[in-house]
Amino acid sequence: SDLHIGNKMFLKENFEKFLKWLDCDYGDLEQKRIAEKIKYLFIAGDLVDGVGVYSGQEKDCEINDIYKQYELFTDLIKKIPRSIKIIIIPGNHDALRLTEPQPGIGKEYCEELLNMENIFMVSNPSLVNIHSNANFAGFNVLTYHGASFNYYIDNIESIRLNGGYKRADLVMQFLIKRRHLAPTHVSTSYIPDAEKDPLVIDKIPDFLVTGHIHRLSISNYRKVSLVNASCWIGQTDFQEKIGLVPQPCKVVVANLQTREMKVLNFENGSE
């Protein structure tokens with residue numbers, strides 16, 4: 001999650017290490033064996049840093065053209081082996097409306113990726129079924145960028161006093177218990193629908209995958225695997241002001257036979 005391509009703090013070299021690992025060209029023998037078995041890759045939003053997302057953003061950006069930001073994103077994602085199915089949702093920094101649900105990123109920005117058979121640009125949030133066959137129903141993966149997280153970290157005392165931004169697991173449990181990704185009206189900007197609320201968790205997923213707060217978190221709540229994905233951007237001035245210390249360059253790998261999860265670290269000095 002949270003590549004923020006275009007920002008001066010985007011950790012491009014580290015992300016390219018990750019891409020080399022996916023191509024079985026980086027890491028030790030055991031790590032390469034894991035890479036050989038990768039079938040799916042979920043990217044949980046904020047693919048680029050965007051333009052005009054906040055006041056003074058141009059000072060933080062190395063690339064101030066939204067099309068060029070997505071062009072670099074496309075060039076990087078094309079390096080991933082075609083055997084891996086890539087499921088991508090947008091986030092609040094992407095070139096879309098902020099109101100949820102956000103539609104999938106369109107051909108205006110990523111036409112080349114959309115023409116690839118292994119790329120799936122889906123909405124935020126999305127419930128995606130993977131790995132099913134005639135004898136197995138597969139796994140349901142609910143992917144949500146996490147724009148509502150800030151509200152609950154700031155306003156729910158049991159979360160705020162027990163770690164706040166460092167405890168994505170508490171936020172995710174809070175939402176799962178309430179069967180809704182934004183159960184308070186002011187927690188996120190949304191589009192009301194008289195027929196159906198797209199933020200309701202009406203089908204309990206096997207995995208809930210989120211991002212947004214740039215912190216790694218892995219937990220389990222009543223057989224739901226909760227993953228808040230790491231980021232690929234260093235600490236910005238804004239993050240420092242609010243006390244958010246990112247945990248970049250970490251990748252969660254889930255074994256679909258055992259549901260065991262491992263973390264691979266692509267930070268500098270972590271070879």
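Ratio of Rg to Rh for the stretch 58-109: 1.00 [Cα atoms; Kirkwood radius as inverse mean 1/r over pairs]. Overall, the chain carries a charge dipole of about 1000 debye about its Cα centre when +1 sits on the Cβ of Lys and Arg and -1 on the Cβ of Asp and Glu, all other atoms neutral. When Rg and Dmax are taken over the Cα atoms of the stretch 223-266, they come to 13.6, 42 Å.
Sequentially through the stretch 142-150, phi angles give Karplus couplings (6.51, -1.76, 1.60; θ = phi - 60°) of 8, 10, 9, 4, x, 4, 6, 4, 4 Hz, Gly and Pro residues having no value and appearing as x. Counting only Cβ charges, +1 for Lys and Arg and -1 for Asp and Glu, the dipole size of the stretch 195-271 around its Cα centre is about 280 debye.
The residue among 183, 209, 165 whose Cα reaches farthest toward the positive pole of the charge dipole of the stretch 161-226, with charges on the beta-carbon of Lys, Arg, Asp and Glu, is 165. The modelled label-to-label distance between residue 223 and residue 107, using points 7 Å beyond Cα along the C-beta direction, is 4.2 nm. Relative to a virtual label point 7 Å from the Cα of residue 54 in the Cα→beta-carbon direction, which members of the stretch 206-234 show backbone nitrogen distances below 20 Å? The answer is 211-216, 229-234, whose backbone nitrogens lie closer than 20 Å to the label point. Taken about its Cα centre, the stretch 1-105 carries a charge dipole of about 460 debye when Lys and Arg each add +1 at the Cβ and Asp and Glu each add -1 at the Cβ. Note on residue 262 and residue 178: the extension gain reaches 27.4 nm, defined as 0.36 nm multiplied by sequence separation minus the Cα-Cα distance. Distance between the modelled labels on residue 151 and residue 118, one decimal in nanometres: 3.8 nm (7 Å Cα→Cβ projection).
Mean separation of Cα pairs under 8 Å and 6 or more residues apart, divided by the residue count, gives the stretch 147-271 a relative contact order of 18 percent.
Stretch residue 99-residue 25 to full length: gain in nm at 0.36 nm per residue minus the Cα-Cα span? Gain in length upon complete extension: 22.6 nm. Shown in residue order for the stretch 75-91 are the 3J(HN,Hα) couplings computed by the Karplus curve 6.51 cos²θ - 1.76 cosθ + 1.60 at θ = phi - 60°: 4, 6, 5, 5, 6, 6, x, 5, 6, 9, 7, 10, 10, 10, 10, x, x Hz (x for Gly and Pro). Note on the stretch 94-200: percent of Cα-Cα distances in each 10 Å bin, starting at 0 and stopping at the bin with the largest distance, equals 13, 35, 32, 18, 2. Once the chain from residue 203 to residue 36 is taken as fully extended at 0.36 nm per residue, the excess over their C-alpha distance is 57.0 nm. Among the listed pairs 32/85; 85/223; 85/196; 107/250, those with a Cα-Cα distance over 26 Å are 85/196; 107/250. Once you put a point 7 Å from the Cα of residue 195 and another 7 Å from the Cα of residue 161, both along the Cβ direction, what distance in nm separates them? Reported label-point gap for residue 195 and residue 161 is 4.5 nm.
The share of accessible area on the chain that comes from carbon and sulfur is 48 percent, using a 1.4 angstrom probe. With the gyration tensor restricted to C-alpha atoms of the stretch 160-271, the semi-axes of the equivalent ellipsoid amount to 26, 20, 12 Å, longest first. Converting phi to 3J(HN,Hα) with the Karplus coefficients 6.51, -1.76 and 1.60 and the offset θ = phi - 60°, the stretch 35-51 yields 4, 4, 9, 5, 10, 9, 10, 9, 10, 9, x, 6, 5, 10, 7, x, 9 Hz in sequence order, with x at every glycine or proline.
Taking every DSSP beta bridge that has both ends in the chain, the antiparallel portion is near 50%. A straight Cα-to-Cα reach below 16 Å connects residue 241 with the aspartates and glutamates 60, 154, residues fewer than 8 places away in its own chain not being considered. In the context of the full set of protein chains, the chain has a per residue accessible area of 50 Å² (1.4 Å probe).
Looking at the stretch 119-271 alone, DSSP beta bridges between its own residues are antiparallel in about 70 percent of cases. Over all pairs of different C-alpha atoms in the chain, the reciprocal of the mean inverse distance, the Kirkwood hydrodynamic radius, equals 19.0 Å. Here the stretch 1-123 yields Rg over Rh of 0.99, to two decimals, using C-alpha coordinates and the Kirkwood radius.
Taking amide H atoms as placed 1.01 Å from N in the peptide plane, the amide H of residue 50 has no partner under 5 Å among residues 5 or more positions away or on other chains.
The values are calculated or read from the model by the stated rules, or taken from the named source; none is laboratory data. Model, not experiment: these values are computed from the prediction. Every residue, glycine as well, gets a Cβ built from its backbone with ideal geometry; the counts of neighbours run over all protein chains shown. Heavy atoms of the whole protein, side chains included, go into the accessibility calculation; ligands, DNA and RNA do not. Shrake-Rupley method; radii C 1.70, N 1.55, O 1.52, S 1.80 Å.
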